Amino acid sequence: MRSDSAFLPVGRRKQHGVSLIIALIALVALTLAGLALIRSADTSNVISGNLAFREASLHATDVGVEAAITALGTIATSSPDANYPAGCAVGACNYYPTLQTAVTAAGVPTVINWSAVPNSTVDSSYAVQYVIDRLCDGPTPVTDIATKCMNVTGTSVGSKKAGAVSFTSANQVYYRVTVRVVGPRNSVSIVQTTYAR
């Protein structure tokens, strides 16, 4: 008796499809690697785009700092001991005459309600808001600027006599300016600066 395998060519006698299984496994592995590479490139592009938007909103904070310093010129001369604008609710003001001591871990005053603070737009893409607080201890009106406020103290020379009393006065008071900018894709930048006036 002869078996059927005796009539098959030598190379085909013991093939059971192992090559096909290995090729399919390799194809699946290559497909998964290609998909991972595409996903990685897409993720990198999204991260780069978000970083660019965040940096652009950070640059827009300069506009808020300049607007705050300009407004402070009017506020400090007209009504330094009252919230601004007049009649604003606590948390919705642009100016506070005393230091807001309750702050977040990032140093932003917790009294600020950003959804109620007036804003302006830059390039129709960035909403810029600012809050100024005078670095003075209350209550208002603050009458003793030299001891109740953080200030730059100038020393004037009294008598030329050795050991004579030197008189001091507060020449400039410090203000903390907190600026918040919301840009495209809800990118948010918050910057604080201290300004002496």
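Throughout, read-outs are computed from the coordinates displayed, never taken from laboratory work. Here the structure is a predicted model, which is why all the values come from computation and not from measurement. Because the Cβ atoms are built from the backbone with ideal geometry, glycine has one as well, and the counts that use them run over all protein chains shown.
Can you tell me which of 173-184, 84-95, 135-146 comes out highest on packing, and rank the rest after it, using the mean Cβ neighbours within 10 Å?
Details: 173-184: 21.4, 84-95: 15.7, 135-146: 13.9.
Going by the mean number of other Cβ atoms within 10 Å, highest first, we get 173-184, 84-95, 135-146.
Efficiency by 1/(1 + (r/R0)^6): what FRET value for Ala86 and Asp62, r their Cβ-Cβ distance, R0 = 35 Å, to the nearest 0.05? The formula returns an efficiency of 0.80 here. Note on Ala76/Ala116: beta-carbon distance plugged into 1/(1 + (r/R0)^6) with R0 of 22 Å gives a FRET efficiency of 0.45. The modelled label-to-label distance between Val152 and Asp123, using points 7 Å beyond Cα along the C-beta direction, is 3.3 nm.
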